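Here's the structure we're looking at; comments come further down.
The values are calculated or read from the model by the stated rules, or taken from the named source; none is laboratory data. Just so you know, these numbers come straight off a predicted model, no measurement behind them. A quick note on method: Cβ atoms are made from the backbone with ideal geometry, for glycine too, and the neighbour counts reach across all protein chains shown.
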Amino acid sequence: MNRRTFLQTTSAVAAAFAFPRASAAEHSAPRPDNDWLAEARERIQKHRRAQRVVALLDATGKPVAGARVRVEQTRHEFLWGCNFFRFGRLNSAELEAGYRQRFTDLLNFATLGFYWASYEAHQGQPNHEYIERVLDWAPAHGLVCKGHPLVWDHPAGSPRWLPDEDAELARLSNGRVQDIVSRFKGRLDMWDVVNEATHLPDKANQTRMARWGETLGSVPYTRVPLEIARAANTSATLLVNDYRIEPRYRRLLDALRDDSGKLLYDAIGLQSHMHDGGWPLARIWAVCDDYAGLGLPLHFTETTVVSGPRLGPGENWGPTTPELEAKQAGYVEKFYTMVFAHPAVKALTWWDFSDNGAWQRAAAGLVRPDMSPKPVYERLRALIKGEWWTKAAGETNADGEFALEAFHGTHRVAVTLPDGRQLTADALWQTVAPARLELRA
């Protein structure tokens, strides 16, 4: 069963199993979206902001009253992302420039592709050079990067040249994980290590990697690459990623522990491709609550909502339309609000940024093929860089203090003293950070 069919047939079941706190009344009479969203907005204010204080003192340590203070956020702690697969691959300088500009104007997180079949199309010739070029550009433009995926049984993750012998295949796959993670250590320290291991028993993919994985079983198939990646980069953030947001995945995640009982990964990857309709808001919250029970951060790794019509089965989609663009924007605003409201979630990645080259050839982008923004792009920008972005101004009081509520992230503080002198400083106000920033005049 492919992932699209799976999501279509199990969304109602998943919503039911994953909502343990729902009462019988809530099951019989679902809460309106507006109620969910109102509660989510309250949770965003509670969990994504904190009270901060800018304290201004003179050279002798006395407070300076009446200074004008301006605070503006420069970066979110939360990772707002998308795959970055079209970087350097567009057919005109104008499109390339537009892609990069639109991406960095909105997002701070980029997923880079390590699909084995294309990354190493010829055995022994991995395309490290392309990733090096991306890493030369992306962090300098404010993007945290993640590699995706290192182990996958899909044809994209199973080169045709793989050997028939299991022992040799294991050597090559494990060696690839070790080589790539160690090679990019310090520049690329976050990885979707194993992708979609839950469907191995279903024989969903008829590839060499799939046959090997079926022989091993989902747990050993996932465990060994995690152990190798950890040894290659002890400070890396390692994820397991899947589209089966149901008990089979939960059991796999729970089984991936070392001898002391500690989980072998650092964050949980949750896919949310919604080509054929968005999840109910109750399901979004239920999924977050359920997987947060493992005690690790959650990353929504692959989120898709399309703005073009389905014309038939498979990769048969029409181009974006104004009516469906409006529908896409309306739902995505709700989805992002619900996800951002849950304190366990640390990252949310869209899939794909542009309709140009999007997965399944669907109109899945935040921007159109010419890089012009869809309504969904503008709506997200109004949230990420507007409603959920700190901007505050005022004066220090008699104690030399200016208090504000700030979203977690990095902020630029600009102070104009009563005598006209100016001071600037950056405040790293993350979830766990000192609430008081002290400046000396």
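Against the list (1) outside any helix (DSSP H, G or I); (2) among the aliphatic types (A, V, I, L, M); (3) under 14 Å from VAL306 (Cα atoms), the condition VAL332 fails is (1). Among the residues of segment 194-241, those that are surrounded by 19 or more Cβ atoms within 10 Å (Cβ to Cβ), at pLDDT below 95 and either among the acidic types (Asp, Glu) or assigned to a helix (DSSP H, G or I) (or both) comprise HIS199, LEU200. The single condition among (1) surrounded by 22 or more Cβ atoms within 10 Å (Cβ to Cβ); (2) within 21 Å of the chain's Cα centre (by Cα) that PHE402 does not satisfy is (2). Annotation for segment 115-128: at least one member residue is part of a loop (DSSP other than H, G, I, E, B), in the same structural domain as ARG208 (by TED's automatic domain parsing), touching a strand residue (DSSP E or B) at 6+ places or on another chain (Cβ under 8 Å) and not β-branched (Val, Ile, Thr). Restricting attention to segment 307-364, the residues being of a type in the set (S, T, N, Q) and exposed (fewer than 15 other Cβ atoms within 10 Å of the Cβ) number 2.
Any residue in segment 261-269 that is in a loop (DSSP other than H, G, I, E, B) and among the charged types (D, E, K, R)? Looking for residues that are in a loop (DSSP other than H, G, I, E, B) and among the charged types (D, E, K, R), one finds at least one in segment 261-269, hence yes. Confirm whether SER260 is among the small types (Gly, Ala, Ser) and farther than 26 Å from VAL287 by Cβ. Considered against the rule, which asks whether it is among the small types (Gly, Ala, Ser) and farther than 26 Å from VAL287 by Cβ, SER260 comes out as yes. Report the residue count in segment 82-95 for those that are over 23 Å from GLY269 (Cβ atoms), in contact with a strand residue (DSSP E or B) (Cβ under 9 Å, 6 or more places away or on another chain) and assigned to a loop (DSSP other than H, G, I, E, B). Count: 1. For segment 57-85, which residues satisfy the criterion of being surrounded by 20 or more Cβ atoms within 10 Å (Cβ to Cβ), within 19 Å of ARG412 (Cα to Cα) and out of contact with any Lys or Arg (no Cβ under 8 Å at 6 or more places or on another chain)? Matches in segment 57-85: ALA67, VAL69, HIS76. Against the list (1) outside any helix (DSSP H, G or I); (2) over 26 Å from VAL339 (Cβ atoms), the condition SER182 fails is (1). The residue list LEU162, LEU188 contains one member that is part of a loop (DSSP other than H, G, I, E, B), touching a residue at least 40 places away in the same chain (Cβ under 8 Å), buried (at least 21 other Cβ atoms within 10 Å of the Cβ) and hydrophobic (A, V, I, L, M, F, W, C), which is LEU188. Only residues that are among the hydrophobic types (A, V, I, L, M, F, W, C) and assigned to a strand (DSSP E or B) were counted across segment 129-158, and they come to 4. Restricting to segment 242-258, and then to whatever is in contact (Cβ under 8 Å) with a residue 40 or more places away in the chain and not in a loop (DSSP other than H, G, I, E, B), can you tell me which residue is nearest to ALA117 (Cα to Cα)? Only one residue fits best here, namely ASP242.
The requirement of being of a type in the set (Gly, Ala, Ser), modelled with pLDDT of 95 or more and either farther than 26 Å from LEU253 by Cα or in contact with a helix residue (DSSP H, G or I) (Cβ under 7 Å, 6 or more places away or on another chain) (or both) is fulfilled nowhere in segment 294-303; no residue meets it.
Look at THR337 and say whether it is polar (S, T, N, Q), within 26 Å of ALA286 (Cβ to Cβ) and modelled with pLDDT of 95 or more. Answer is yes for this residue. Within segment 115-128, is even one residue under 19 Å from the mean Cα position of the chain (by Cα) and either surrounded by fewer than 21 Cβ atoms within 10 Å (Cβ to Cβ) or of a type in the set (Ser, Thr, Tyr) (or both)? Yes - at least one qualifying residue is present in segment 115-128. Put simply, of VAL339, VAL376, VAL367 the only residue that is among the hydrophobic types (A, V, I, L, M, F, W, C), in contact (Cβ under 8 Å) with a residue 60 or more places away in the chain and under 24 Å from TYR243 (Cβ atoms) is VAL376.
Within segment 346-358, the presence of at least one residue that is under 16 Å from the mean Cα position of the chain (by Cα) and of a type in the set (Lys, Arg) is confirmed.
One line per residue, one yes/no per condition, for (1) outside the structural domain of ALA65 (by TED's automatic domain parsing); (2) more than 27 Å from GLU42 (Cα to Cα); (3) in contact (Cβ under 8 Å) with a residue 24 or more places away in the chain:
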{"residue": "ALA398", "(1), (2), (3)": "no, yes, yes"}
{"residue": "GLU401", "(1), (2), (3)": "no, no, yes"}
{"residue": "GLU405", "(1), (2), (3)": "no, no, yes"}
{"residue": "HIS408", "(1), (2), (3)": "no, no, yes"}
{"residue": "LEU417", "(1), (2), (3)": "no, yes, yes"}
{"residue": "ARG421", "(1), (2), (3)": "no, yes, no"}
{"residue": "THR424", "(1), (2), (3)": "no, yes, no"}
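Give the residues of segment 46-64 that are in a helix (DSSP H, G or I) and in contact (Cβ under 8 Å) with a residue 40 or more places away in the chain, sorted by residue number. If the condition is that a residue be in a helix (DSSP H, G or I) and in contact (Cβ under 8 Å) with a residue 40 or more places away in the chain, then HIS47 is the only one that fits. Screening GLY98 on (1) of a type in the set (Gly, Ala, Ser); (2) assigned to a helix (DSSP H, G or I); (3) modelled with pLDDT under 95 shows it passes everything except condition (3). Residues that are under 19 Å from ALA364 (Cβ atoms), in a strand (DSSP E or B) and modelled with pLDDT of 95 or more do occur in segment 272-285, at least one of them.
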